[in-house]
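Trainee: This is the structure I have questions about; it appears just below.
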């Protein structure tokens with residue numbers, strides 16, 4: 001059901017939400033903005049989603065002890081208490097579902113399946129409806145709590161993550177992940193009614209939060225300057241402050257956070273929260289493991305000033321303030337704990353373990369290094385591996401690297417598809433020691449002593465930390481395509497026939513379980529192809545022959561080709577392939593092109609790893 005056909009009771013629910021806002025400040029209600037943590041409206045319980053464990057932990061805030069840890073599925077992201085109750089809704093990103101449980105008992109009482117990748121989730125104050133963002137394909141869903149069914153769908157652009165619900169005006173405010181655009185959706189009408197566009201460099205926006213006192217929205221994100229190839233010029237941390245009133249001359253401004261509190265650089269802001277009185281703001285930085293505690297200003301100019309920079313735990317990904325405003329809670333994702341801070345004194349009150357390490361010691365060490373913007377990985381603190389590859393995903397950017405234009409690739413299936421990089425200039429993750437020590441990251445490095453040349457003698461085995469970094473980097477798997485949940489559609493089946501047809505020659509290079517001819521092999525056996533895509537780039541230094549990328553998960557990794565010049569899969573097959581050099585497609589009709597696109601969007605429609613093992617393909621373990 002679309003918003004245009006919303007039932008009358010949904011409109012009544014929105015009216016009730018607006019009426020409630022006259023009595024209660026919107027921030028009092030749990031779940032008004034998305035987060036990996038939430039606190040019940042009565043301040044008694046905290047819920048924390050543990051992405052690596054596939055669990056949600058419920059904490060008793062009176063005693064700061066763990067009550068329950070409940071398995072909910074792969075990669076839980078957003079979590080929200082439902083209205084003023086102790087019931088909890090969780091967006092389980094990797095399972096494509098919403099799971100509901102009772103926070104008091106820890107018992108699961110319901111599930112709602114969705115199309116793909118639910119990320120942000122909030123509840124209305126009445127507890128009647130949940131609002132959920134789908135990262136892909138960029139939708140906002142309304143879910144009726146009583147029936148746990150989707151009652152309305154708003155289609156935005158791709159990759160919506162952040163959501164904040166405003167009781168004052170009956171709107172949901174959404175963030176685009178790769179662009180940092182904020183969109184206001186009128187929940188009664190189901191239409192976008194306002195938007196605030198960032199600059200072309202704004203990137204990786206997971207969350208936003210509303211002020212309870214003024215028409216302000218706070219949006220954490222980074223700035224990715226793709227033309228800079230050194231650590232102090234490529235990635236910058238920001239909070240954008242948005243004015244919702246339409247009479248403001250400047251409705252969006254960015255506050256740089258790399259020197260906000262003096263000369264200490266911070267990296268990778270992940271979440272932000274505002275205290276219930278609207279006077280304090282907290283920002284956690286997942287790259288430098290710290291948090292800014294700020295005082296909010298009412299000047300419409302500076303907007304906020306730092307109170308204190310606190311060193312927190314490893315990879316902080318969530319921050320919330322209790323309803324009474326006295327305690328702030330920080331979730332340190334790679335310490336697997338929640339730490340409570342006194343808001344007035346900014347001192348630690350308690351540390352609460354929420355889950356055991358599910359990764360093993362080696363992968364955990366590697367993941368900490370991957371997210372670190374500090375030594376020995378990084379010298380100037382601006383950038384980490386995760387600044388461009390968060391959770392092994394691409395950042396949607398094409399970088400002007402020294403070797404030429406390079407579109408950021410996903411890590412999914414990388415262990416099976418070495419060598420690495422478009423130019424296949426790294427045959428092991430350990431070769432990235434050169435990047436760590438180079439001008440981009442400027443770190444001390446992980447090897448003590450001589451580093452072997454890329455594609456030369458192995459760097460594997462020379463440093464425990466470097467091998468751990470490789471183990472984590474090689475741990476990412478390809479998720480099954482949502483476009484093939486019920487098997488290949490008729491159009492995708494026709495597209496499959498075209499893909500494997502000798503006339504198109506698509507499968508000549510894109511072969512095997514991972515739909516590429518790139519496999520772990522000796523450096524002198526590496527296969528590269530000149531398919532014409534590098535001939536028009538004057539900055540190209542290593543091409544124009546490139547490694548064949550896997551096609552698994554290609555439905556969500558636009559733009560395409562090494563230089564990002566193909567905006568869509570259709571472009572890959574048509575305008576970006578004028579001479580039939582990466583597949584012969586010029587003879588295909590528009591309907592056949594559409595069928596071929598449907599097949600590509602359906603990859604993978606089966607688990608590639610058993611097929612790879614059966615074919616004798618060796619996986620890189622570290």
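What follows draws every value from the coordinates through simple rules; no lab data is involved. Predicted model, so just to flag it, every value in this text is computed and none were measured. Note that each Cβ is placed from the backbone with ideal geometry, even for glycine, and that neighbours are counted across all protein chains shown.
Trainee: As an exercise, use a Förster radius of 30 Å and the Cβ-Cβ distance of residue 62 and residue 168 to find the FRET efficiency, rounded to the nearest 0.05.
Mentor: Efficiency, rounded to the nearest 0.05: 0.45.
Trainee: Quick one: what does P(r) look like for the range 361-473 with 10 Å bins over all Cα pairs, in whole %?
Mentor: 15, 49, 35, 2
Trainee: Let me ask another. Please arrange 166, 126, 511, 180 by how many other C-beta atoms lie within 10 Å of their C-beta, fewest to most. Intermediate values should be presented prior to the final figure.
Mentor: Values: 166 21, 126 18, 511 13, 180 27.
If I rank by nearby Cβ atoms, fewest first, I get 511, 126, 166, 180.
Trainee: Using 0.36 nm per residue of separation minus the Cα-Cα distance, give me the extension gain between residue 545 and residue 109 in nm, one decimal.
Mentor: Residue separation times 0.36 nm, minus the Cα-Cα distance, leaves 151.5 nm.
Trainee: Moving on to the next point. How big is the range 3-353 along each principal axis, measuring the range of its Cα positions in Å and listing the largest first?
Mentor: 53, 46, 40
Trainee: Another question about this same structure. Can you give the angle from 0 to 90° between the axis of helix 490-500 and the longest principal axis of the chain, with both taken from C-alpha atoms, to the nearest 10?
Mentor: Approximately 30 degrees, to the nearest 10.
Trainee: Below 8 Å between Cα atoms, with a sequence gap of 6+, how large is the relative contact order for the range 361-473 in percent?
Mentor: 33
Trainee: From the helices alone, meaning DSSP H stretches of at least four residues, give me the mean residue ellipticity at 222 nm for the chain, per-run term -39500 (n - 2.57), in deg cm²/dmol to the nearest 500.
Mentor: After summing the helix terms and dividing by the residues of the chain, the value is -3500 deg cm²/dmol.
Trainee: How tilted is helix 464-473 with respect to the longest principal axis of the chain? Cα atoms for both, answer in degrees (0 to 90, nearest 10).
Mentor: Here the helix axis deviates by roughly 80 degrees.
Trainee: Highest first, please rank the peptides 595-605, 471-481 by the mean number of other Cβ atoms sitting within 10 Å of their residues. Can you show the working numbers first?
Mentor: Details: 595-605: 23.3, 471-481: 20.8.
With the highest mean Cβ count within 10 Å placed first, the list reads 595-605, 471-481.
Trainee: If I take every Cα pair under 8 Å that is 6 or more residues apart in the chain, average their sequence separation and divide by the length, what percent do I get for the relative contact order?
Mentor: The value is 9 percent.
Trainee: So if R0 is 22 Å, what FRET efficiency would residue 503 and residue 571 give, r being the distance between their Cβ atoms, rounded to the nearest 0.05?
Mentor: 0.60
Trainee: Turning to a different aspect of this structure: So how far apart, in nm, are the two label points at residue 485 and residue 149 if each is 7 Å from Cα heading toward Cβ?
Mentor: It is 1.6 nm.
Trainee: What is the range 482-614 by shape, rounded, prolate or oblate, if you read a ≥ b ≥ c off the alpha carbon gyration tensor as root eigenvalues and call it rounded for a/c under 1.5, prolate for a/b larger than b/c, and oblate otherwise? Could you put the intermediate results ahead of the total?
Mentor: On the way: a/c = 1.78, a/b = 1.18, b/c = 1.51.
Oblate is the answer for the range 482-614, as a/c is 1.5 or above yet b/c matches or exceeds a/b.
Trainee: Continuing with this model, one more query. Please tell me the relative contact order of the range 482-614 in percent, rounded to the nearest whole number, where contacts are Cα pairs under 8 Å and at least six residues apart.
Mentor: With pairs under 8 Å counted, the relative contact order is 36 percent.
Trainee: Would you mind checking the range 364-383 for residues with the amide N under 12 Å from a putative spin-label position 7 Å along Cα→C-beta of residue 311?
Mentor: none
Trainee: Could I ask something else about it? In Å and on Cα atoms, what radius of gyration and Dmax does the chain show?
Mentor: 24.1, 72
Trainee: Still on this model: Taking the Cβ-Cβ separation of residue 458 and residue 136 as r and a Förster radius of 45 Å, what is the calculated FRET efficiency to the nearest 0.05?
Mentor: About 0.75, to the nearest 0.05.
Trainee: Turning to a different aspect of this structure: At what distance in nm do the modelled label points of residue 522 and residue 227 sit from each other, each positioned 7 Å from its Cα along Cα→Cβ?
Mentor: 4.5
Trainee: At 0.36 nm per residue, minus the direct Cα-Cα distance, what do residue 594 and residue 357 gain on full extension? Give it in nm, one decimal, please.
Mentor: The residue 594-residue 357 span can extend by a further 80.8 nm.
Trainee: In whole Å, what is the distance between the alpha-carbon centres of the range 116-180 and the range 562-622?
Mentor: 31
Trainee: Rounded, prolate or oblate: which fits the range 204-326, taking a ≥ b ≥ c as square roots of the Cα gyration tensor eigenvalues, rounded meaning a/c under 1.5, else prolate when a/b beats b/c? Kindly include the intermediate steps, with their values, before the conclusion.
Mentor: On the way: a/c = 1.85, a/b = 1.21, b/c = 1.52.
It is oblate, given that a/c is not under 1.5 and a/b is not larger than b/c.
Trainee: Output the 0 to 90 degree angle, nearest 10, between the alpha-carbon long axis of helix 590-601 and the longest principal axis computed from the alpha carbons of the chain.
Mentor: 70
Trainee: Taking 0.36 nm per residue of separation and subtracting the Cα-Cα distance, what length does fully extending residue 247 through residue 529 add?
Mentor: 96.0 nm
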